[in-house]
Amino acid sequence: MSGRLPYLNSRLQGLGATIFATMSALAEATGSVNLGQGFPDYDGPAEVLEAACEAIRAGHNQYPPGRGIKALRDAIADHQRHWYGLAFDPASEVLVTAGATEALAASILSLTEVGDEVVLFEPYYDAYPALVALAGGTHRVVPLRPPTWGFDPDELRRAITPRTRLIVVNSPHNPTGKVFGNDELEAIAAVCRDHDLIAVTDEVYEHLVFEGEHRPLATLDGMRDRTVTISSAGKTFSVTGWKIGWACASPPLLDSVQTAKQFLTYAGGAPFQHAIAVGLALGDDRLRGVCDDLAMRRDLFCDGMGAIGIDVMVPASGYFAISDIGSLGDEDAATFCKKIPERCGVVGIPNDVFYDHKDDARTLVRWAFCKSTATLEEALRRLAKLSQSS
Ligand code: PMP
Ligand code: GLN
């Protein structure tokens, strides 16, 4: 055997390490402020953390049921009804997963055949093309264009071929913070209905919306029974390491997703499932509190960046703000992000990792602002060195 990773399956060739792991390791090695990987450096609601400790003490430490504990499936069904008017039967239409990632993996693996095509909006969350590749499929992209990150419905229609099976829709969107509007959701729904496609929605930032309103695609006409609606507790409760996610869908779709899921992890996170059931029942004000708190961090960071002369696009939702670093020198973002840990001690993510068309993101950098005030202030102090030296 010779060469790197001789046992690597050919479907994994070219994927390499995820940018988030690479950049977190770089932050650690250089003592940099980590504005790369999207995770808070503060805790979420104390009641939810305490509920997890209590669940461990109460002995909820063995395999939970494959579909997830009843209390959490009930809480997810209540959540979907309460926030969006979507009725899902907790017994047959709700599946608890190891984060949104496992729900996405099980959906793509179970709902596509080898050779099928999956449509993604670009920029895309990096797991999507990787999961499509693992399923033996290929993806096509529909560009979201700045500054509004809107898409052209004709480009969406042109991306559909006889091999298209799924459209993945991430709203609220990573990395742009875009919240898809009603007209856009309607355009996607029309394409799904006309071509008999399944939609897989990634709604992990559903409760972190600062401007506009999140509307699940499943609420549109004819979409409930052709959509797998996916979310996760990680962002809503600032517990990204717990990896409790879920999928809601009509029984035939959900049964397919579970067929794949049962052989990925089977089940997991028993005490955390109990805690998230408590979290989902905390009430609207607590969830809005997490969002308002994050909005304060967004403003602190974006205003601070403006003050030090590094423009950012102020996002409508989520954990991230994007800068065009073109004016800071003639480097591309990938080079810039490799150099700035040494130059000023901050880590960001070059946006080309979210693109097939790398040139469209040549000078774009993503910063995570889901950080404590002290972390953000320190990052701004350090980043100021860049604009002073350019
Ligand atoms: N989708 C998007 C758009 C994300 O940003 C992330 C990162 N948290 C995930 C999915 C993964 O979610 P989880 O940690 O629940 O697997
Ligand atoms: N969703 C996180 C981000 O976009 C990363 C999660 C991960 O490392 N896979 O930064």
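The values are calculated or read from the model by the stated rules, or taken from the named source; none is laboratory data. Small disclaimer: the values here were computed from a predicted structure and weren't measured. Backbone-built Cβ (ideal geometry, glycine too); neighbour counts: all protein chains shown. What goes into the accessible areas is simple: the full protein's heavy atoms, side chains included, and nothing from ligands, DNA or RNA. Shrake-Rupley method; radii C 1.70, N 1.55, O 1.52, S 1.80 Å.
Spin-label model, Ala281 to Asp221: label points 7 Å out along the Cα-to-beta-carbon direction sit 3.9 nm apart.
Summarising the overall dimensions of the chain from its C-alpha atoms, the Rg and Dmax are 20.6, 60 angstrom. Please list, by residue number, everything in the range 54-98 whose backbone N is under 13 Å from a paramagnetic label point 7 Å out along Cα→Cβ of Tyr266. From the range 54-98, the list is 62-67. Rounded to the nearest 20, the size of the Cβ-charge dipole of the chain about its Cα centre is 940 debye, with Lys and Arg at +1 and Asp and Glu at -1. Rounded to whole Å, the principal axis extents of the Cα atoms in the range 259-335 read 49, 35, 17, largest first.
Sequence-ordered 3J(HN,Hα) estimates for the range 130-138 from the Karplus curve with 6.51, -1.76 and 1.60 and θ = phi - 60° stand at 5, 5, 4, 5, 4, 7, x, x, 10 Hz, glycine and proline given as x. Loop-located GluC sites (Glu not before Pro) across the range 186-215 with a Cβ neighbour count of 11 or fewer within 10 Å are Glu211, Glu213, with loop assigned by DSSP. Judged by the gyration tensor of its Cα atoms, with axes a ≥ b ≥ c, the range 134-214 is prolate; a/c meets the 1.5 cut and a/b is the larger of a/b and b/c.
Taking amide H as placed 1.01 Å from N in the peptide plane, Val346 has its amide H under 5 Å from the amide H of Val33, each at least 5 places away in sequence or on another chain. Here's the picture: charge each Lys and Arg Cβ at +1 and each Asp and Glu Cβ at -1 in the chain, and of Asn174, Ile69, Gln262 the one pushed furthest to the positive end of that dipole is Gln262. FRET efficiency for the Ala29 to Leu300 pair, using the beta carbon distance and R₀ = 30 Å, is estimated at 0.65.
Remark: the Arg11-Ala190 segment gains 61.2 nm on full extension, using 0.36 nm per residue and subtracting the alpha carbon distance.
Annotation: extensible slack from Thr259 through Thr373 equals 36.7 nm (criterion: 0.36 nm per residue apart, minus Cα-Cα distance). Using every pair of separate Cα atoms, the Kirkwood estimate puts the hydrodynamic radius of the range 263-390 at 16.6 angstrom.
Along its principal axes, the range 292-349 has C-alpha extents of 35, 18, 17 angstrom, given from the largest down.
When a/c reaches 1.5 or more, the comparison of a/b and b/c decides; with that in mind, is the range 1-139 rounded, prolate or oblate per its Cα gyration tensor? Because a/c hits 1.5 or more and a/b fails to exceed b/c, the range 1-139 counts as oblate. For the range 241-342, the solvent-accessible area works out to 41 Å² per residue, with a probe of 1.4 Å and every protein chain left in place. Computed from backbone phi with θ = phi - 60° and the Karplus coefficients 6.51, -1.76 and 1.60, the 3J(HN,Hα) list for the range 86-98 is 9, 9, 10, 6, x, 7, 10, 10, 10, 10, 8, 10, 7 Hz; x is used for glycine and proline.
For the chain, with all protein chains in place and a probe radius of 1.4 Å, 51% of the accessible heavy-atom surface sits on carbon or sulfur.
Accessible area per residue for the range 1-131 in Å², computed with a 1.4 Å probe and the full protein assembly in place, what is it?
On the way: 6210 Å² over 131 residues.
Per-residue accessible area for the range 1-131 comes out at 47 Å².
For the chain, relative contact order (Cα pairs under 8 Å, six or more residues apart, normalised by length) works out to 24 percent.
Under 1.5 on a/c is rounded, so check that first for the range 169-220, then, if it is not, pick prolate when a/b is larger than b/c and oblate when it is not; a ≥ b ≥ c are the square roots of the alpha carbon gyration tensor eigenvalues. Because a/c hits 1.5 or more and a/b exceeds b/c, the range 169-220 counts as prolate.
Over the range 205-302, all Cα pairs binned in 10 Å intervals from 0 give whole-percent P(r) values of 13, 36, 35, 14, 1, listed from short to long.
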